[in-house]
Every structure is written in structure tokens, then in C-alpha cells.
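First comes the structure, then the notes that go with it.
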């Protein structure tokens with residue numbers, strides 16, 4: 001069988017595998033959001049807009065841990081302690097023995113009730129919780145300039161999803177358009 005006859009089959013298989021992967025990733029993130037625990041990571045001053053990347057906010061999240069050798073571009077995992085409000089403070093690196101090879105196994109048995117695992121990586125010359133960026137709609141930069149915390153949903157194994165940004169009182173920052181629509185629906 002010639003390559004030209006196999007080509008449509010290979011293209012179709014590639015498209016199918018890509019779709020399966022995307023659906024699996026969406027399902028996995030939805031499960032994390034539905035079953036995860038809330039954790040708020042304090043933001044340092046933020047960049048409200050990147051002209052190169054569009055409507056994008058670089059989040060400079062608070063991670064005060066000693067430097068870790070060989071972190072490079074790879075992410076590592078760290079243990080964060082939650083206070084009574086759910087605000088996370090970096091307490092220690094996840095040891096290789098705690099989470100299996102490179103801290104990737106199940107370390108939830110070694111955590112106390114007020115601890116969670118989050119991915120940490122280098123962002124320039126600093127450490128930041130990953131993901132460390134937040135995309136938003138055109139015209140909403142002013143809404144997010146007051147962000148003080150990144151709101152994550154975290155599973156015991158360290159999988160997490162950034163679900164939004166909050167103000168200093170841990171209240172979600174909602175775009176002005178949604179606030180107006182919500183106010184209009186309560187007036188009726």
C-alpha cells in the first residue's frame with residue numbers, strides 16, 4: 001500500500017487523537033474544579049497587559065522558598081500551608097521521597113489537613129506558582145488591576161487549575177459586563 005493511500009487515514013487518525021487528547025484534558029480540568037480544594041496564592045505587583053501577547057496578565061505569585069538546584073525550565077512541586085481563609089503560603093519543597101520520582105507520585109498521605117501541593121516553576125529570576133498567567137477579555141484590564149490573589153482549585157495529588165483572581169477580601173473579580181448583567185437580572 002502506497003503512502004498516498006495511507007495519507008488520509010493518517011490525517012484522520014491524527015485529528016482523532018488530537019480531539020481525544022483535548023477532550024481528556026478538558027474533562028480532567030473539570031474534575032479538578034469540581035472536586036478540588038480552594039487555595040488562594042498571594043500576588044505581588046502584576047503586569048496588567050502585555051502588548052505582545054494581547055490581553056494577558058502575568059501573575060507574579062508569592063513563593064518564598066530557597067532556590068532549588070536544577071529546576072531549570074521544569075516545574076517542581078512544593079507544599080503550601082493554608083491559613084483559616086485558605087490563603088496558601090509556601091512552606092517547603094516536596095521531597096523526592098514524598099511524591100515518588102521527582103515529587104510526582106501520591107504525597108497526599110504525608111500532608112497535614114492544612115497543606116496542599118502546587119506546581120512551582122521559574123519565571124525569569126523568580127519562582128512562581130504555575131500557571132502564572134491569566135487571559136481576559138478585551139476592555140477588562142481595569143477589572144483585574146486590583147487582583148491580590150490567584151484562586152486555585154487543588155486536588156490532593158497536586159493537580160490544580162487557576163479558576164480566577166480575587167481581591168484582598170478573597171472576593172472574585174468579575175468583569176464589569178457580568179456585574180451589570182447580574183444587577184439587571186436581580187432588579188427584574
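The values are calculated or read from the model by the stated rules, or taken from the named source; none is laboratory data. Note that the structure is a prediction, hence the values are computed from the model and not measured. Cβ: placed from backbone, ideal geometry, glycine included. Neighbour counts: every protein chain shown.
Scanning the range 119-136 for residues that are surrounded by 12 or more Cβ atoms within 10 Å (Cβ to Cβ) and part of a loop (DSSP other than H, G, I, E, B) gives 130, 131, 132, 136. Residue check: is residue 26 modelled with pLDDT of 80 or more, farther than 29 Å from residue 169 by Cβ, out of contact with any helix residue (DSSP H, G or I) (no Cβ under 9 Å at 6 or more places or on another chain) and outside any strand (DSSP E or B)? It is true that residue 26 is modelled with pLDDT of 80 or more, farther than 29 Å from residue 169 by Cβ, out of contact with any helix residue (DSSP H, G or I) (no Cβ under 9 Å at 6 or more places or on another chain) and outside any strand (DSSP E or B).
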